[in-house]
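A.B. asks: A single structure is presented below for examination.
The values are calculated or read from the model by the stated rules, or taken from the named source; none is laboratory data. What you are looking at is a predicted structure, and each value in this text was computed from that prediction instead of being measured. So basically every Cβ, Gly included, is an ideal-geometry build from the backbone, and we count neighbours across all protein chains shown. We work out accessible area using only protein heavy atoms, side chains counted, and drop any ligands, DNA or RNA first. Shrake-Rupley method; radii C 1.70, N 1.55, O 1.52, S 1.80 Å.
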Amino acid sequence: MAGCLTAVCAFSLSTTTSFAQDDVGLKAIFRDAVLNEPPWGIRGEDFSGLSESWGEWSDKTQELLEKLYGFEPLTIEQQEQLLAELNEQLDLTYPAFQSEEELANQDLLVDLEGKIARRIAIYEATLELLKKSSDQSKDLQPVLAQLFQSLERYESDDRDVDIKLNDEAPETVPQLISTLEGMSSNSSSLVDKIRINYYNFNVRTFVSEPFADFAFYECRRECGPICDCILGARVTGTQRTKSGVYIDFLPSDDSAKFAIRINGNTRSNTRGVTDQATVLTTGNHYFTGKKELEYDGNVFSYYRASLGVNANNHVRSAYLNRRGLIAKLIGDKIAYEKAVDKMPESERIAAYKLRKRVLPKFNQEIEDSFNDMNKENKKRRKRMAAEGIAPNEVLARTDDDELRTAERLMNEGQLGADRASTAFNSPTGMTLHVHESWVNNALAIDTIDLEPGQALPFPEFSQQLAEKFRRAFDITKEREPAEDSGDDVIIYDVDPLHVQFEGGLIKVILRIGLKSEDRENPIAIRRVEIPIEYVLEEDQIRLQISETRDVYSKPLDTSDPNYRRGEDPVIANKIKERFQERLAEETFDRHILFEADEENGKKVPVTIASLHTVNGWMVVVVEPDERE
């Protein structure tokens with residue numbers, strides 16, 4: 001009996017100890033947040049696309065993630081060690097980002113690294129907060145659990161969350177951050193990590209100096225007559241000028257700064273005639289100039305241009321106009337020496353006249369070009385503001401070889417991006433990064449011309465959403481209207497369309513109901529996820545529904561009177577059909593001709609060299625198109 005009692009006590013003690021050990025640090029928060037396995041996007045199936053050479057790394061990383069989120073009890077020190085081991089695993093991926101041999105794995109590695117890295121950063125800051133505020137850990141735990149839940153809902157776009165439309169809306173991440181800051185003065189590190197990974201700019205542009213030079217460079221050749229009066233002589237002749245204009249980026253952290261530089265050469269042949277003599281002269285004059293400009297993300301401003309001239313005249317011949325014997329013997333020599341003596345003064349005059357001819361034109365043309373760009377930027381910002389997609393914050397900066405701009409569209413209650421990976425940035429082209437949050441925030445239900453309860457044909461629904469961007473960016477290309485299938489989309493009080501950019505896919509996520517002419521009752525609201533692949537062909541980009549991923553559907557409101565079990569495949573198939581029909585007709589040109597200067601007819605040919613959808617970002621790499 002005593003032995004049984006001892007065994008029971010020992011079992012009870014070990015069980016209690018196990019639960020107590022489990023209830024610390026991240027483990028306690030994960031249990032409250034119902035994070036009992038790795039979150040969406042970093043599960044086993046998300047590693048499956050890696051090649052065999054990454055098998056060992058994949059197995060080890062998955063093992064660590066399972067240990068982090070699983071039920072095995074770990075002390076705070078063990079949790080810190082586990083996060084350090086995961087960071088070591090991520091360190092192994094970075095050389096592959098720049099390796100030509102790892103092109104097949106780069107997209108997936110960048111995708112996984114970004115998703116894991118931001119979680120580690122937040123978990124490390126959370127442990128730091130708990131250690132510094134140990135006396136408040138029990139009070140902080142439920143708030144942190146809600147915070148983790150909200151972040152994971154954002155990461156998966158509610159794929160893993162069982163929600164109902166009539167549920168009370170949970171607190172947003174900004175609200176939870178405010179609560180944390182009010183509870184603990186030690187929360188600043190965690191708040192900073194959240195801001196870096198979820199409040200960051202969601203449109204970024206990286207323009208390399210070679211690409212800017214390709215787009216802006218201009219070579220001019222001009223020739224013309226000379227007819228002037230210089231040093232008392234009537235001067236006639238011809239001049240030929242060759243000049244090149246290019247861009248030079250200047251390092252600046254406060255704004256983007258760059259110089260428009262001009263290099264040129266003027267060659268002249270002149271004949272100067274006075275009452276007494278004639279002088280034949282050749283000129284070989286070099287000039288260099290620059291005009292510095294500044295860009296704050298919205299407006300270009302500029303400084304006064306400068307031009308330096310190195311004038312070089314050479315007297316080829318000089319002779320007296322009266323051609324007697326004395327003139328031939330000594331007069332021509334005296335005329336030549338006099339002309340040579342006046343060379344410094346004639347060169348100063350030549351430099352002055354060349355500067356007076358080139359500098360105002362150089363200065364004015366640049367100011368006219370960038371004033372036009374300012375007007376266009378202002379019009380575009382105004383159109384974007386009217387559509388509710390103007391950025392809340394902009395940033396621009398430069399270093400020696402790259403100009404970077406960043407914009408953030410993030411309204412109240414919304415989240416933004418993390419730091420964009422530069423793994424795909426081109427040293428010779430332009431790289432555009434668009435985060436899924438920019439598209440999703442732009443299509444928030446309160447910014448589009450659709451009302452809850454409204455039913456409209458599927459083609460009209462897609463056109464309404466597309467028109468928002470067409471108006472904002474003044475897109476005039478005509479699109480063929482889609483045929484009406486007889487299915488009406490039903491709008492609810494939620495964002496009807498989101499996108500996700502991950503794992504080489506564009507995921508289109510619809511939250512809609514469907515009213516079909518062949519059904520008596522409408523299909524209640526579903527979350528329908530359509531995986532779309534992009535294929536870069538020689539001259540175009542083609543979109544298609546993924547053949548290896550299913551269209552996924554789940555109900556969002558089982559209390560809706562129209563809700564019926566088993567209708568998920570019906571709505572999924574209908575929407576898949578609509579998308580397949582539309583995508584079969586839709587292609588995008590890879591090779592684009594930009595109007596760089598409408599007045600002078602200058603066009604810049606570029607090509608979309610590559611496209612990547614990873615870690616929430618769509619990365620478009622544009623290179624100069626130098627095909628014959």
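A.B. asks: For region 257-282, enumerate the residues that are small (Gly, Ala, Ser) and touching a helix residue (DSSP H, G or I) at 6+ places or on another chain (Cβ under 6 Å).
C.D. replies: Applying the first criterion (small (Gly, Ala, Ser)) to region 257-282 yields 259, 264, 268, 272, 277.
Within region 257-282, just Ala277 meets the criteria.
A.B. asks: How many of the residues in region 490-515 are in a loop (DSSP other than H, G, I, E, B) and farther than 21 Å from Ala417 by Cβ?
C.D. replies: Looking only at that region, the number is 5.
A.B. asks: Just checking, how many residues over region 475-501 are open to solvent by 20 Å² or more (accessible area, probe 1.4 Å) and under 20 Å from the mean Cα position of the chain (by Cα)?
C.D. replies: Number satisfying all stated conditions: 2.
A.B. asks: Can I ask one more? From Val203, Val207, which residue is within 15 Å of Ala417 (Cα to Cα) and surrounded by 16 or more Cβ atoms within 10 Å (Cβ to Cβ)?
C.D. replies: Numbers: Val207 fails: within 15 Å of Ala417 (Cα to Cα).
Criteria check complete, one pass: Val203.
A.B. asks: When you check Ser134 against the structure, is it at pLDDT below 95, farther than 21 Å from Leu86 by Cα, open to solvent by 20 Å² or more (accessible area, probe 1.4 Å) and among the small types (Gly, Ala, Ser), yes or no? Spell out the reasoning first.
C.D. replies: Numbers: at pLDDT below 95: yes; farther than 21 Å from Leu86 by Cα: yes; open to solvent by 20 Å² or more (accessible area, probe 1.4 Å): yes; among the small types (Gly, Ala, Ser): yes.
When the stated conditions are applied, Ser134 passes them.
A.B. asks: Within region 604-623, is even one residue at pLDDT below 80, outside any strand (DSSP E or B), out of contact with any His (no Cβ under 6 Å at 6 or more places or on another chain) and in the same structural domain as Gln500 (by the TED database)? Outline the logic, then answer.
C.D. replies: Filtering region 604-623 down to residues at pLDDT below 80 leaves none.
No, the conditions are met nowhere in region 604-623.
A.B. asks: Please verify whether Ala104 is under 23 Å from Val191 (Cβ atoms) and open to solvent by 20 Å² or more (accessible area, probe 1.4 Å), treating the condition exactly as stated.
C.D. replies: Judged against the criteria, Ala104 is not a match.
A.B. asks: Is it true that Thr422 is part of a strand (DSSP E or B), hydroxyl-bearing (Ser, Thr, Tyr), closer than 17 Å to Met618 by Cβ and under 19 Å from the mean Cα position of the chain (by Cα)?
C.D. replies: Numbers: part of a strand (DSSP E or B): no; hydroxyl-bearing (Ser, Thr, Tyr): yes; closer than 17 Å to Met618 by Cβ: yes; under 19 Å from the mean Cα position of the chain (by Cα): yes.
Taking the combined requirement at face value, the residue does not satisfy it.
A.B. asks: Turning to a different aspect of this structure: Would you tally the residues in region 245-269 being farther than 21 Å from Pro210 by Cβ, open to solvent by less than 30 Å² (accessible area, probe 1.4 Å) and assigned to a strand (DSSP E or B)? First the steps, then the outcome.
C.D. replies: Quick first cut of region 245-269, residues farther than 21 Å from Pro210 by Cβ only: 253-255, 264-269.
Retained after the next criterion (residues that are open to solvent by less than 30 Å² (accessible area, probe 1.4 Å)): 255, 264-266, 268.
In the following step, the residues that additionally are assigned to a strand (DSSP E or B) were identified as 264-266, 268.
Summing the residues that are farther than 21 Å from Pro210 by Cβ, open to solvent by less than 30 Å² (accessible area, probe 1.4 Å) and assigned to a strand (DSSP E or B) in region 245-269 gives 4.
A.B. asks: Hey, Ala277 hits all of (1) among the aliphatic types (A, V, I, L, M); (2) open to solvent by 20 Å² or more (accessible area, probe 1.4 Å); (3) over 30 Å from Met373 (Cα atoms) but one; which does it fall short on?
C.D. replies: (2)
A.B. asks: Please verify whether region 530-538 includes one or more residues that are in contact (Cβ under 8 Å) with a residue 24 or more places away in the chain, in the same structural domain as Glu460 (by the TED database), under 23 Å from Arg590 (Cβ atoms) and of a type in the set (A, V, I, L, M). Outline the logic, then answer.
C.D. replies: So in region 530-538, the residues in contact (Cβ under 8 Å) with a residue 24 or more places away in the chain come out as 530-534, 536-538.
Going one step further and asking which of them are in the same structural domain as Glu460 (by the TED database), we end up with 530-534, 536-538.
In the following step, the residues that additionally are under 23 Å from Arg590 (Cβ atoms) were identified as 531-534, 536-538.
Still in the running and of a type in the set (A, V, I, L, M): 532, 536.
Within region 530-538, one or more residues are in contact (Cβ under 8 Å) with a residue 24 or more places away in the chain, in the same structural domain as Glu460 (by the TED database), under 23 Å from Arg590 (Cβ atoms) and of a type in the set (A, V, I, L, M).
A.B. asks: Here is a further query. Go through Leu456, Leu432, Leu415 for me and flag whichever is on the phi < 0 side of the Ramachandran plot and within 12 Å of the chain's Cα centre (by Cα).
C.D. replies: Working: Leu456 fails: within 12 Å of the chain's Cα centre (by Cα); Leu415 fails: within 12 Å of the chain's Cα centre (by Cα).
Only one candidate qualifies: Leu432.
A.B. asks: Here's a check for you: in region 363-398, which residue that is aliphatic (A, V, I, L, M) and touching a helix residue (DSSP H, G or I) at 6+ places or on another chain (Cβ under 6 Å) is most open to solvent (accessible area, probe 1.4 Å)? Working first, answer last.
C.D. replies: Restricting attention to region 363-398, the residues satisfying the condition of being aliphatic (A, V, I, L, M) are 366, 373, 384-386, 389-390, 394-396.
Add one more test, that the residue is touching a helix residue (DSSP H, G or I) at 6+ places or on another chain (Cβ under 6 Å), and what stays is 384, 389-390.
Numbers: Met384: 5, Ile389: 1, Ala390: 28 Å².
Selected residue: Ala390.
A.B. asks: Among the numbered criteria (1) surrounded by 14 or more Cβ atoms within 10 Å (Cβ to Cβ); (2) over 31 Å from the mean Cα position of the chain (by Cα); (3) not charged (D, E, K, R), which one does Gly55 miss?
C.D. replies: (1)
A.B. asks: Just one of (1) touching a residue at least 12 places away in the same chain (Cβ under 8 Å); (2) part of a helix (DSSP H, G or I); (3) over 24 Å from the mean Cα position of the chain (by Cα) trips up Ala104, so point out which.
C.D. replies: Only one criterion in (1) touching a residue at least 12 places away in the same chain (Cβ under 8 Å); (2) part of a helix (DSSP H, G or I); (3) over 24 Å from the mean Cα position of the chain (by Cα) is unmet by Ala104, namely (3).
A.B. asks: Look at Ile512 and say whether it is at pLDDT 90 or above and either among the hydrophobic types (A, V, I, L, M, F, W, C) or over 21 Å from Thr587 (Cβ atoms) (or both).
C.D. replies: Values: at pLDDT 90 or above: yes; either among the hydrophobic types (A, V, I, L, M, F, W, C) or over 21 Å from Thr587 (Cβ atoms) (or both): yes.
So Ile512 passes the test.
A.B. asks: Then there is this: Any residue in region 145-157 that is without any contact (Cβ under 8 Å) to a residue 40 or more places away in the chain sitting within a Cβ distance under 7 Å of a residue that is of a type in the set (Ser, Thr, Tyr) and not in a helix (DSSP H, G or I)? List the pairs, counting only those 6 or more apart or interchain.
C.D. replies: These pairs meet every condition: Ser150/Thr172.
A.B. asks: Would you confirm, using the coordinates I've provided, whether Phe588 is within 21 Å of Ala609 (Cα to Cα), in contact with a helix residue (DSSP H, G or I) (Cβ under 8 Å, 6 or more places away or on another chain) and open to solvent by 80 Å² or more (accessible area, probe 1.4 Å)?
C.D. replies: On the way: within 21 Å of Ala609 (Cα to Cα): yes; in contact with a helix residue (DSSP H, G or I) (Cβ under 8 Å, 6 or more places away or on another chain): no; open to solvent by 80 Å² or more (accessible area, probe 1.4 Å): yes.
No; evaluated as a whole, the condition is false for this residue.
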